[in-house]
Amino acid sequence: MITSKLPAAVRIVEMGPRDGLQNEKQLVSTDTKVELVRRLERAGLKAIETTSFVSPKWVPQMGDNSEVLTRVLAAAAPGVAYPVLTPNLKGFEAALAAGAREVAVFGAASESFSQKNINCSIAESLERFRPVTEAAHAAGVKVRGYVSCVVGCPYEGAVAPQAVADVAATLMEMGCYEVSLGDTIGVGTPASIVRMLEAVAKRVPVEKLAGHYHDTYGMAVANVFASLQMGVAVFDASVGGLGGCPYAARASGNVATEDVVWLLNGLGIETGIDLDALVDTAAWISAQLDREPACARGARGIGQARQGRQRLNGPPRGGLVHNRGFAIETVRTDVPSAPCRDCRNEYSFPLYQHLPHEPGHGLVRGLPAHDRGDHALEPDQRRRPSHHPGRGRRASRMAGRSQRRGRRHER
């Protein structure tokens, strides 16, 4: 049931080092993988899925799993969890030998996807996980569960919410402390996500659920918000929007972690994550992979804001103004003076670019606050020549008309 009260805090489980890199065609070096984890730690992530103990025959990118985990745990950050994916008992034993203290098992809500992904039926896959969860509990290792294709399947189409609820309930019964619900091919919309969550919540408490949404059709952030309204307070995300699925050709990357953090900051929801450091990490790993950050619209907006700050000539008096109810920071730019679109008065002093002081809105160009508050400029004002400070509005309009008539005669 949708609730008007959003969670006060959200835990983000970072998927970048595992889900983000597993589908990369070029092999990523072990050093790069370890450094990615370190940068995510410094950004404030407290749960970082580090690698996957699968056969390198099926997922070559994860062939260095033991070395990656061993090196990460050798200098583990306090309070940070480093879960790893273990699809079977053999994988769990290898993970345990490397020092794993949290593992994840995964099933699918689609029979066809289960066969393509792990070569067995849903029922067989769940029975395969049972020895893993039993061995993990005996060793004092936490177990997290994943359900793939919770909304749609690349082979079967739409997936029934009840099928998702059945798999999630079985994983909880096996002893998973949390179940992550994955829209593997990113076909979910807020409406379909809500229907799915309503069905699952009848079998599993909402506080035991997490959202894992891919961004194939640009709906992932909207689906995160819909899930927040349903009371979900844990989300998987991948820095820079990295990722995909080797067995789902249409799947794009997971929702970008920086986009989710931008949304949560704007809603006043605590994450404990340094957004600037996260954006830097997205840029860094994307450079290592020789490409632009995928899907990370928030990162691009933050980058634009930074460029504005780098052009800072000094803040205006007061430093902060209110732009239609939002507190924003103003920084001086080299835009010439021009008439305000609200009151049409002429201003000869430099204009200022308004940068987000509190998240939730984009860049706005405007004049320093005066008696009427903030005044935003017409979009084309930056291209207009500066007006004489002594001219009034009528004189400026007449001068503009004369200039235009002169240009027509010159043609």
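The values are calculated or read from the model by the stated rules, or taken from the named source; none is laboratory data. It should be emphasised that the depicted structure is a prediction, and the values quoted were computed from it without experimental measurement. All Cβ positions, glycine included, derive from the backbone under ideal geometry; neighbour counts span all protein chains shown.
What about residue 227, is it of a type in the set (Ser, Thr, Tyr), modelled with pLDDT of 95 or more and either closer than 16 Å to residue 146 by Cα or not in a loop (DSSP other than H, G, I, E, B) (or both)? The answer is yes for residue 227. Pairing residues of the stretch 252-270 that are at positive phi with residues that are modelled with pLDDT of 95 or more and not in a helix (DSSP H, G or I), at Cβ distances under 9 Å and at least 6 apart in sequence or on separate chains, gives 268/6; 268/8. If residue 170 satisfies all but one of (1) in a loop (DSSP other than H, G, I, E, B); (2) farther than 25 Å from residue 9 by Cα; (3) at pLDDT 95 or above, what's the number of the condition it fails? In the conditions (1) in a loop (DSSP other than H, G, I, E, B); (2) farther than 25 Å from residue 9 by Cα; (3) at pLDDT 95 or above, residue 170 misses (1) alone. Which one is nearest to the chain's Cα centre (by Cα) among residues in the stretch 18-52 that are buried (at least 24 other Cβ atoms within 10 Å of the Cβ), free of Cβ contacts under 8 Å to residues at least 60 places away in the same chain and closer than 14 Å to residue 278 by Cα? Looking at the filtered set, the residue picked out is 48. All of 69, 85 fail the test of being under 27 Å from residue 155 (Cβ atoms) and buried (at least 21 other Cβ atoms within 10 Å of the Cβ), apart from 85.
Residues in the stretch 18-38: is at least one part of a loop (DSSP other than H, G, I, E, B), under 30 Å from residue 233 (Cβ atoms) and of a type in the set (Gly, Ala, Ser)? Checked against the condition, which is being part of a loop (DSSP other than H, G, I, E, B), under 30 Å from residue 233 (Cβ atoms) and of a type in the set (Gly, Ala, Ser), the stretch 18-38 yields no hits at all. From the list 24, 49, 41, the one residue that fits, being within 17 Å of residue 86 (Cα to Cα) and acidic (Asp, Glu), is 49. Here residue 249 clears all of (1) hydrophobic (A, V, I, L, M, F, W, C); (2) at pLDDT 55 or above; (3) out of contact with any strand residue (DSSP E or B) (no Cβ under 9 Å at 6 or more places or on another chain) except the condition numbered (2). When 194, 260, 221 are checked against the criterion of being touching a strand residue (DSSP E or B) at 6+ places or on another chain (Cβ under 6 Å), part of a helix (DSSP H, G or I) and at pLDDT 95 or above, 260 stands alone in meeting it. Condition (residue is farther than 17 Å from residue 113 by Cα and under 21 Å from the mean Cα position of the chain (by Cα)) applied to the stretch 181-190: is it met by at least one residue? Yes, the stretch 181-190 contains a residue that is farther than 17 Å from residue 113 by Cα and under 21 Å from the mean Cα position of the chain (by Cα). Looking across the stretch 150-171, the residues that are buried (at least 19 other Cβ atoms within 10 Å of the Cβ), of a type in the set (A, V, I, L, M, F, W, C) and either in contact with a Lys or Arg (Cβ under 8 Å, 6 or more places away or on another chain) or free of Cβ contacts under 8 Å to residues at least 60 places away in the same chain (or both) come down to 150, 151, 153, 159, 163, 164, 165, 168.
Of all residues in the stretch 114-133, those satisfying the criterion of being out of contact with any helix residue (DSSP H, G or I) (no Cβ under 9 Å at 6 or more places or on another chain) and in contact (Cβ under 8 Å) with a residue 40 or more places away in the chain are 116, 130. For the stretch 11-70, a residue qualifies if it is under 22 Å from residue 88 (Cα atoms) and of a type in the set (Lys, Arg), and the qualifying residues are 18, 57.
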